[in-house]
Ligand SMILES: [Zn+2]
Ligand SMILES: [Zn+2]
């Protein structure tokens, strides 16, 4: 997700975006939709947003996650029978879209953003460790096309995202290959940086991933040199 601008909220002919947006207010996050945008001549330009009900049941496969992402993008166009019962007297907020107070409304929300912000980082798959052993998931990894042998510390597809998990699978395949070492200490640390950038985006603290192994490889190289 990213900070929403006026052009994200207004589609062609002044139509309001059907997306679910995330609003950060104080220390809390809310799922909202935009119900009005002020005149574009106003200073600052404001949007009126209203809280909506979201389904928080677990997305147990790549397919379910994609359906969920699709629902987030098309919320106001969805058949109401596919959505949770609307909130009774939902709270509304007026949000500034320009000037110094802008920036607490986010668009292009995906399932990992919902996990991080609205489900408070609670993940049914990795239990909040942000990594899974792709060989020990009792068949769940297969639902995300991520099944591998034991010994992986794969980025969790549910809370970090399917794309980054699939990308990490390629790294793991090289790491676990027969001809060792297949990856350099530098590559291990680059992966750590890449995954930690994603964690930071989602508001999670950084992790060491396989940096201990990189340290070990460096120490070993030192020993053979001397
Ligand atoms: Zn997870
Ligand atoms: Zn395992």
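The values are calculated or read from the model by the stated rules, or taken from the named source; none is laboratory data. As the structure is a computational prediction, the values presented were derived from the model and not from experiment. Backbone-built Cβ (ideal geometry, glycine too); neighbour counts: all protein chains shown.
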When restricted to 141, 155, 185, the only residue touching a strand residue (DSSP E or B) at 6+ places or on another chain (Cβ under 9 Å) and over 16 Å from residue 58 (Cα atoms) is 155
Residue set 49, 33, 20; condition over 17 Å from the mean Cα position of the chain (by Cα) and within 30 Å of residue 156 (Cα to Cα); output residue 33
Expected single match for in the same structural domain as residue 59 (by TED's automatic domain parsing) and either more than 16 Å from ligand 2 (Cβ to nearest atom) or touching a residue at least 24 places away in the same chain (Cβ under 8 Å) (or both) among 163, 168, 113 is 113
When residue 100 is run through (1) in contact (Cβ under 8 Å) with a residue 24 or more places away in the chain; (2) outside any helix (DSSP H, G or I); (3) in the same structural domain as residue 48 (by TED's automatic domain parsing), the failure sits at (1)
Exactly one of 152, 92, 137 is closer than 30 Å to residue 44 by Cα and either within 16 Å of ligand 2 (Cβ to nearest atom) or modelled with pLDDT of 95 or more (or both), and that residue is 92
Sole miss for residue 127 among (1) within 12 Å of ligand 1 (Cβ to nearest atom); (2) under 16 Å from residue 56 (Cβ atoms); (3) part of a loop (DSSP other than H, G, I, E, B) is condition (2)
Of (1) over 17 Å from the mean Cα position of the chain (by Cα); (2) buried (at least 18 other Cβ atoms within 10 Å of the Cβ); (3) within 16 Å of ligand 1 (Cβ to nearest atom), residue 156 fails just (1)
